[in-house]
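Below is one structure, written out as structure tokens, with a few remarks after it.
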Amino acid sequence: AASDNPDELKVWAHDLTVEAGKTYRYKVLVSVMNPLYRFPRLNADQLADNRNRISLGPSQEEIDAAEWSLSAEVELDPEFYFFVDSANKDQKRADIEVWTVYDGMWRKNEFVEFPGNEVGGNAEIDGLDTGGQGIPMNVGPIVLDVDSITNDRGQGEVRVLLLDPEPNRITTRLVNEDKNSDARKRLELEADLQAKQAENRLSEARP
């Protein structure tokens, strides 16, 4: 793409091998087409060096010496986010909102869970055709209990205890913290923006 500076060229690169939840950094090295490739009239020196050389780029020494400093670390979202939307300690019930990316957009669904249940499951989203398969939203942690605690201000708060099987540890989610989570607010904003962009694309495509 053209840059504001005539001596610069904007280059886009896409990594299709990334995995959710990992952090990446990149080196960007650019090669250009050799204008002398298979050129019919070359002198002897150019003929040897460039007739069969399809591109011009950095040498292996330059590649090895390239620094990482031009690329900031890129941290990817995990495959799933989940937030306790509400909970009832008497019923031992937790309403848990699960988010994941499907078909390039954030999708969410709410699951009702009780102690012993794994959080999530397959979800059918209104207006989204999944071929009857649903969207896999099996998060992994298992609900152990729903109870209440008293916080530092002397107020009661409902919490959900979960067993995360991968590191084999117990974690706690407080309803008030999850409902007001910055991560949840970000996902809601991004989902709204994606929905508006999709609607704009549909509007532009209509005759």
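The values are calculated or read from the model by the stated rules, or taken from the named source; none is laboratory data. Computed from a predicted structure; not experimentally measured. Note that each Cβ is placed from the backbone with ideal geometry, even for glycine, and that neighbours are counted across all protein chains shown. The accessibility values were calculated without ligands, DNA or RNA, using every heavy atom of the protein model including side chains. Shrake-Rupley method; radii C 1.70, N 1.55, O 1.52, S 1.80 Å.
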Computed from every Cα-Cα pair in the chain, P(r) in 10 Å bins starting at 0 and rounded to whole percents is 7, 20, 23, 17, 14, 10, 5, 2, 1
Close lysine pairs (the chain; alpha-carbon distance under 17 Å; 8 or more apart or on separate chains) counted at 6
Measuring from the longest principal axis of the C-alpha atoms of the chain, the long axis of helix 182-205 (C-alpha) lies at a number of degrees, nearest 10, equal to 60 degrees
Per-residue accessible area, 1.4 Å probe, largest first, puts 137, 105 in the order 105, 137
Region 131-175: relative contact order from alpha carbon pairs under 8 Å, six or more residues apart, as a whole percent, is 31 percent
Here the relative contact order (percent) of region 154-207, from C-alpha pairs under 8 Å and at least 6 apart, is 22 percent
Whole-Hz Karplus couplings 3J(HN,Hα) for region 113-128, θ = phi - 60° and coefficients 6.51, -1.76, 1.60, Gly and Pro as x, run 10, 10, x, x, 7, 6, 5, x, x, 7, 10, 9, 9, 4, x, 10
Between the modelled labels at residue 13 and residue 155 (7 Å from Cα along Cα→Cβ) the distance in nm is 4.9 nm
Sorting 75, 62, 157 on solvent-accessible surface, 1.4 Å probe, most exposed first, gives 75, 62, 157
With a 1.4 angstrom probe the carbon and sulfur portion of accessible area for the chain, in percent, totals 48 percent
Once all protein chains are kept in place, residue 149 shows an accessible area at probe 1.4 Å, nearest 10 Å², of 50 Å²
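Tell me, rounded to the nearest percent, the portion of alpha carbon pairs in region 58-100 spaced more than 14 Å apart.
71 percent
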